[in-house]
Amino acid sequence: MLKRLFDALDARVSPSVDELARNDDVMAVAALLHRARGAVGRRVERASRRVLHAVNLPAGSDVNRLLDHIARLEQEVAGLRQQLTDRELQAFLDELADEQQSDGGTGE
């Protein structure tokens, strides 16, 4: 029953929707609306950023910039931690080799 209802609705609506999709004027209006929506969004974001900064609060862009900076710092710390671990391991292996050489290679 639902399939028949859907098919009947589709048969009535599809030709109109297809015609609108092929209409250049409708496509131009859709593009203008899309562009206007983006412009309005940018203006709202700028205004909210100004208001938040006026009351000494961070805006979303400030938070995102800080999160990016923290992520880069975390990567750098992880790299430094790995370098330190590698150096400690190498120092341990060098010390172990020196001990074996000073013991005459007997391991005692």
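Observations on the structure shown:
- Conditions (1) open to solvent by less than 90 Å² (accessible area, probe 1.4 Å); (2) over 23 Å from the mean Cα position of the chain (by Cα): number failed by Asp62: (2)
- Any hit, the range 83-97, residues being small (Gly, Ala, Ser) and exposed (fewer than 10 other Cβ atoms within 10 Å of the Cβ): no
- Scope the range 18-43; condition surrounded by 10 or more Cβ atoms within 10 Å (Cβ to Cβ) and more than 30 Å from Ala59 (Cβ to Cβ); matching residues: Asp18, Glu19, Leu20, Ala21, Asn23, Val26, Met27, Ala28, Val29, Ala30
- Only one of the numbered conditions (1) assigned to a helix (DSSP H, G or I); (2) open to solvent by 100 Å² or more (accessible area, probe 1.4 Å); (3) modelled with pLDDT under 95 is not met by Asn56, and that is (1).
The values are calculated or read from the model by the stated rules, or taken from the named source; none is laboratory data. Note that the structure is a prediction, hence the values are computed from the model and not measured. Glycine also receives a Cβ, built like all others from the backbone with ideal geometry; neighbour counts cover every protein chain displayed. When the accessible area is computed, the model is the full protein with side chains, heavy atoms only, and any ligands, DNA or RNA have been set aside. Shrake-Rupley method; radii C 1.70, N 1.55, O 1.52, S 1.80 Å.
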